[in-house]
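My structure is below; once you've seen it, I'll send some questions.
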Amino acid sequence: MKKIALTSLMVLFAVSSANAATNYFVGGSAGFGFNDDHDNAVSIAPELGWKVDSKWDLGLMGAYGYDRDSSYHASEYGIGAFARYHAAQFGDFELLFKGTVMADFEHYNGETASSIEAGIIPMVTYNLSESFTLYANLNFLGVYAGYEFKNKDLGIDNSWEFGAGIDSDDVLNTSDFQIGFNYNF
């Protein structure tokens, strides 16, 4: 898995260097959640990508999350790819749609559950300068599909899951609202 990720990064930089009109970027996002019952969630998602043209960005991303409550401790990690479509611009603000495909692994109770996920979410960006862009992933407004692989020890069967999220409850206190930045080269 490490060799695939390293090779992908090298290809990304090679393609970016070979085409002077292509700009690449690095960055990532973070999210958190907590409540009065001492349930806590933290997530980070680093990313590396390049601007294909004025409308499309492509890239690779990682993810790590930790979720804890009084009876449950889980860590989750994954690797995937994304495409972003620049839908509309309003001065320094921009509306994008981000599509992702990701392999995801969740570790709890000494076992690991694995799944493959795909989704589309809206995101809003603000250009601080030519080099720095702030963004917010609005995960609570997305659509997704996922396939979870069987794990007998955890009582998980092979299963599909589909959904569309419109969750406005406590928007500023959820791991589904991620704030991040990009450094544009």
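Which pairs do you get when a residue that is at positive phi, found in the range 42-62, comes within reach of a residue that is open to solvent by 50 Å² or more (accessible area, probe 1.4 Å) and β-branched (Val, Ile, Thr), reach meaning Cβ atoms under 8 angstrom, with the pair 6+ apart or on two chains?
Pairs that qualify, where the first residue is at positive phi and the partner is open to solvent by 50 Å² or more (accessible area, probe 1.4 Å) and β-branched (Val, Ile, Thr): there are none.
Return yes when residue 87 is touching a strand residue (DSSP E or B) at 6+ places or on another chain (Cβ under 8 Å), within 20 Å of residue 144 (Cα to Cα) and exposed (fewer than 13 other Cβ atoms within 10 Å of the Cβ) and no when it is not.
Yes: the conditions hold for residue 87.
For residue 96, which of the numbered conditions (1) modelled with pLDDT under 95; (2) crowded, with 17+ Cβ neighbours inside 10 Å fails to hold?
Just one mismatch for residue 96, condition (1).
Select, from 71, 43, the only residue that is in contact with a Gly (Cβ under 6 Å, 6 or more places away or on another chain), of a type in the set (Ser, Thr, Tyr) and at pLDDT below 90.
After ruling out the rest, the residue left standing is 43.
Right, another one. Could you check, for the range 148-157, whether at least one of its residues is modelled with pLDDT under 90, touching a strand residue (DSSP E or B) at 6+ places or on another chain (Cβ under 6 Å) and among the polar types (S, T, N, Q)?
yes
Now, a different point. Can you tell me which residues in the range 55-94 are of a type in the set (Gly, Ala, Ser) and over 17 Å from the mean Cα position of the chain (by Cα)?
70, 71, 74, 87, 88, 91
Residue-wise test of (1) in contact (Cβ under 8 Å) with a residue 60 or more places away in the chain; (2) more than 17 Å from residue 81 (Cα to Cα); (3) of a type outside the set (Gly, Ala, Ser).
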{"residue": "113", "(1), (2), (3)": "no, yes, no"}
{"residue": "127", "(1), (2), (3)": "no, yes, yes"}
{"residue": "133", "(1), (2), (3)": "yes, yes, yes"}
{"residue": "137", "(1), (2), (3)": "yes, no, yes"}
{"residue": "146", "(1), (2), (3)": "no, no, no"}
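Would you say residue 113 is of a type in the set (Gly, Ala, Ser) and either exposed (fewer than 15 other Cβ atoms within 10 Å of the Cβ) or part of a loop (DSSP other than H, G, I, E, B) (or both)?
The answer is no for residue 113.
The values are calculated or read from the model by the stated rules, or taken from the named source; none is laboratory data. The structure presented is a predicted model; accordingly, all values stated were derived computationally and were not measured. No Cβ is skipped: glycine too gets one built from the backbone with ideal geometry, and neighbour counts run over all protein chains shown. Remember, those area values only see protein heavy atoms, side chains included, never the ligands or the DNA or RNA. Shrake-Rupley method; radii C 1.70, N 1.55, O 1.52, S 1.80 Å.
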